[in-house]
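Visitor: Structure incoming, see below.
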Amino acid sequence: MVIVQKYGGTSVGSFDRIRNVASRVKALHEEGHQVAVVVSAMSGVTDRLIAMAHEMSSEPDERELDVLVSTGEQQSIALLAMALKESGVPAMSITGRQAGLRTTGSHTRARIDALDGSYTRGLLDEGKVLIVAGFQGIDTDGHIQTLGRGGSDLSAIAIAASLEADVCQILTDVDGVYTADPRVVPDARKLPEISYDELLELASVGTKVMQSRSVEFAKKFGVKFEVRSSLNNNPGTIVTEEHPNMESVVIRGVSIERSQARVTITDIPDQPGMSAKILGALAEAEVNIDMIVSNIASDGMARHSFTMNTVDLGRAQAALQPCLSAVSEKAIVETEGGIGKLSVVGIGMRSHSGVAAQMFQALGDEGINIGMISTSEIKISVTVPEDRIEDAARAVHKSFGLEQTPA
Ligand code: ADP
Ligand code: ASP
Ligand code: MG
């Protein structure tokens with residue numbers, strides 16, 4: 001079988017952990033499988049490299065930042081390959097470029113454009129165990145680019161797709177995908193399976209066990225994969241196409257996001273094209289807007305509120321000033337931080353009603369005030385005070401009985 005495994009930062013976070021990974025990979029090799037292993041930087045290394053860049057420059061050049069942060073993965077692939085060779089396994093470390101991983105788009109958050117698996121396939125056919133640097137690739141001009149935080153997940157899914165792997169496993173420091181972050185909700189339960197759409201929605205609202213773009217890619221290319229622990233052999237969570245049995249569960253999971261901020265613009269003329277101008281200015285400044293609420297005040301002026309990550313707040317304010325002064329002298333921008341976002345996700349929501357009411361009731365009973373609300377077909381998100389976000393997650397998790405195995 002062709003097996004692609006990915007080990008995250010914690011799983012290669014020390015020399016002993018790297019040796020543990022080496023012995024797991026060695027066992028697969030000895031069973032006769034062709035193995036490609038995608039590896040992240042040792043835990044903390046990427047953060048340290050980013051901090052180093054900020055010592056040099058208040059706004060580090062993104063091309064150079066990519067050159068710097070991509071070195072984290074190069075350390076871990078070389079160390080893992082050494083550990084394997086030490087135990088007699090014909091391992092070989094390769095960079096994203098050598099693996100044929102071509103990227104496009106902006107530095108630090110590039111997308112995968114193409115993946116030529118011919119070199120990797122050839123090496124596997126020669127009997128090599130491949131250790132591939134996650135998170136990195138090169139663009140058409142040969143510049144190193146990285147795939148956004150958590151991007152080794154995407155490297156692994158892409159490599160599994162290009163090799164048409166029989167098995168793709170994401171090995172991490174938890175046993176699989178849980179109904180909520182087990183660090184926040186101690187009663188959270190490991191899910192035996194989850195659909196791409198549910199994991200994609202959860203990942204895009206804070207469930208960092210998988211990078212959201214990697215799940216999108218897996219769905220697009222039909223890569224079925226498993227999230228499981230690198231520290232034990234417990235069965236993990238299978239991530240796959242949805243099937244009819246999945247609909248009987250209304251809520252699959254709960255997710256939280258911290259560090260959210262709200263920008264409210266008041267006293268804007270209620271005219272066609274106004275929202276497009278404002279959102280256009282924010283998009284140009286690459287500010288990711290999340291929830292949007294617009295309404296008209298009693299004096300006929302419009303009011304827009306959006307949420308975003310706190311890190312984008314400065315950029316949003318800078319982009320809004322010139323845009324608003326061009327449309328109205330009276331427009332006022334207010335900002336508020338300290339916001340958390342709580343989301344519930346499940347494909348069963350399509351066929352069950354009353355989910356929002358139950359969620360709001362659970363929060364009301366806890367004395368937690370709801371700010372903004374947004375919904376999609378399979379998700380409901382609300383903002384709550386950031387200092388109550390964990391209580392909110394536990395209350396909603398309990399209200400939907402997520403700790404219990406469904407009948
Ligand atoms: P890696 O370094 O292996 O990529 P990450 O730190 O990116 O691992 O992701 C694993 C972490 O995701 C877990 O330690 C856990 O705290 C967190 N997490 C958040 N939500 C969930 C969830 N619903 N299920 C499992 N883990 C979750
Ligand atoms: N090392 C990168 C990060 O910390 C990529 C990854 O771990 O997946 O974001
Ligand atoms: Mg990760």
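Visitor: Using unit Cβ charges (K, R positive; D, E negative) and no other charged atoms, how large, in debye to the nearest 20, is the dipole of the chain about its Cα centre?
Guide: 640
Visitor: With charges only on Cβ, +1 for K and R and -1 for D and E, what is the dipole size of the range 216-345 about its Cα centre, in debye, rounded to 20?
Guide: 360
Visitor: Using a 10 angstrom cutoff on alpha carbons, build the Gaussian network for the chain and name the most mobile of 367, 137, 148.
Guide: 367
Visitor: Under the 0.36 nm per residue contour assumption, what length would be gained going from the current alpha-carbon distance of residue 27 and residue 311 to full extension?
Guide: That works out to 97.9 nm of additional length.
Visitor: If you place +1 on the Cβ of every Lys and Arg and -1 on the Cβ of every Asp and Glu, how big does the dipole about the Cα centre of the range 47-182 come out, in debye to the nearest 20?
Guide: Around 260 debye, computed over the range 47-182.
Visitor: Does the range 236-305 come out rounded, prolate or oblate by the C-alpha gyration tensor, with a ≥ b ≥ c the root eigenvalues, rounded set by a/c under 1.5 and, if not, prolate when a/b is larger than b/c and oblate if not?
Guide: Verdict is prolate for the range 236-305.
Visitor: Another one. Any idea which of 84, 287, 119 is furthest toward the positive side of the dipole for the chain, if Lys and Arg beta-carbons carry +1 and Asp and Glu beta-carbons -1?
Guide: 84
Visitor: In addition: Show me 332-341, 190-199, 224-233 ranked by packing, highest mean number of other Cβ atoms within 10 Å first.
Guide: In decreasing order of mean packing, 332-341, 190-199, 224-233 become 190-199, 224-233, 332-341.
Visitor: Modelling each spin label as a point 7 Å along the Cα-to-Cβ direction, I'd like the residue 297/residue 59 distance in nm, to one decimal.
Guide: Roughly 3.1 nm, to one decimal.
Visitor: A follow-up question, please. Any of 208/277; 6/208; 190/379; 85/224 with alpha carbons more than 25 Å apart? Name them for me.
Guide: Exceeds cut-off: 208/277; 85/224.
Visitor: Where does each of 89-97, 235-243 land if you order them by average Cβ count within 10 Å, highest first?
Guide: Final packing ranking: 89-97, 235-243.
Visitor: How much length, in nm to one decimal, is gained on full extension between residue 166 and residue 356, taken as 0.36 nm per residue of separation minus their Cα-Cα distance?
Guide: 64.4 nm
Visitor: I would also like to ask the following. Quick check: net charge around residue 330, other residues with Cβ under 15 Å of its Cβ, Lys/Arg +1 and Asp/Glu -1?
Guide: Around residue 330, the surrounding residues sum to -4.
Visitor: Run the numbers on the chain and let me know its relative contact order in percent, using alpha-carbon pairs under 8 Å that are six or more apart.
Guide: 14
Visitor: Please compute the length gained on full extension between residue 374 and residue 284, using 0.36 nm multiplied by the number of residues separating them and subtracting their Cα-Cα distance.
Guide: Here the segment from residue 374 to residue 284 would lengthen by 30.0 nm.
Visitor: Report, to one decimal in Å, the Kirkwood hydrodynamic radius for the range 260-358 based on all distinct Cα pairs.
Guide: The answer is 14.9 Å.
Visitor: Let me ask something else. Among 248-259, 313-324, how do they line up by average Cβ neighbours within 10 Å per residue, starting with the highest?
Guide: 248-259, 313-324
Every read-out reported here was derived from the displayed coordinates using simple, explicitly stated rules and does not represent laboratory data. Everything numeric here is computed off the predicted structure, so don't read it as measured data. Positions of Cβ are backbone-derived with ideal geometry, glycine not excepted, and every protein chain shown enters the neighbour counts.
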